[in-house]
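Written out below as structure tokens is the structure these notes cover.
The values are calculated or read from the model by the stated rules, or taken from the named source; none is laboratory data. Predicted model, so just to flag it, every value in this text is computed and none were measured. As a convention, Cβ positions derive from the backbone with ideal geometry for all residues, glycine included, and neighbour counts pool all protein chains shown.
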Amino acid sequence: MRLASFTDYGLRVLMRLAGAPDEAVSTGQIAEEFEISQHHLAKVVQDLGRGGFVRSRRGRSGGLQLARPPQTITLGEVVRHLEQRFAIVECFREDGGSCTLKPRCRLKPRLAAAREAFMSELDRSTMADCAWSGDGPEEPRVRVV
């Protein structure tokens with residue numbers, strides 16, 4: 001399963017914030033660290049806020065922080081929230097899409113089972129497990145594919 005770049009960026013934000021849970025980090029700083037468009041990242045952060053994953057403070061000492069402890073946020077929960085608009089195949093769209101196989105399709109139940117197995121695996125890890133820190137030899141670029 002391939003996650004949308006929107007979800008990739010959302011996971012990066014949460015990983016970064018989980019790596020410094022007591023620090024407020026600006027969207028601009030995260031955009032620079034991960035080489036992401038600040039404009040696009042602002043939309044991602046807004047969605048993460050609506051999902052209850054981040055909170056922001058304005059002002060000189062403002063920035064983003066996790067809204068909950070990182071050990072209480074599962075990867076599956078985040079991916080389910082951010083991937084709501086993206087269907088794995090046509091027939092998974094909210095409107096049912098325009099698939100001509102609908103009446104006799106044997107693929108959809110198998111894809112649904114695979115998606116649930118994927119999400120179940122993501123439910124086993126938290127943002128605390130994936131927390132990122134800029135210290136050390138790790139590269140800041142994290143690709144979710």
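Selection of the range 20-62 for residues being basic (K, R), under 26 Å from E83 (Cβ atoms) and outside any helix (DSSP H, G or I) yields only R55. Candidates G51, G10, G59: the one that is out of contact with any Cys (no Cβ under 8 Å at 6 or more places or on another chain), closer than 19 Å to R124 by Cα and either among the small types (G, A, S) or surrounded by 13 or more Cβ atoms within 10 Å (Cβ to Cβ) (or both) is G10.
Inside the range 1-19, residues that are in a loop (DSSP other than H, G, I, E, B), among the hydrophobic types (A, V, I, L, M, F, W, C) and over 18 Å from R50 (Cβ atoms) make up a count of 2.
The lone criterion from (1) closer than 20 Å to G10 by Cβ; (2) of a type outside the set (F, W, Y); (3) surrounded by 13 or more Cβ atoms within 10 Å (Cβ to Cβ) left unmet by T72 is number (3).
Yes or no, residue by residue, for (1) touching a residue at least 12 places away in the same chain (Cβ under 8 Å); (2) among the β-branched types (V, I, T):
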| site | (1), (2) |
| --- | --- |
| Y9 | yes, no |
| S26 | yes, no |
| Q46 | no, no |
| G51 | yes, no |
| R55 | yes, no |
| R58 | no, no |
| A67 | yes, no |
| V79 | yes, yes |
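How many residues does the range 18-27 hold that are over 18 Å from the mean Cα position of the chain (by Cα) and surrounded by fewer than 16 Cβ atoms within 10 Å (Cβ to Cβ)? Residues in the range 18-27 being over 18 Å from the mean Cα position of the chain (by Cα) and surrounded by fewer than 16 Cβ atoms within 10 Å (Cβ to Cβ): 2 in total. Whether a residue is modelled with pLDDT under 90 and more than 22 Å from R12 (Cβ to Cβ) was assessed, and R58 passes this test. The set of residues in the range 10-45 being under 16 Å from C130 (Cα atoms) and not β-branched (V, I, T) consists of G10, L11, R12, L14, M15, R16, L17, A18, G19, A20, P21, F34.
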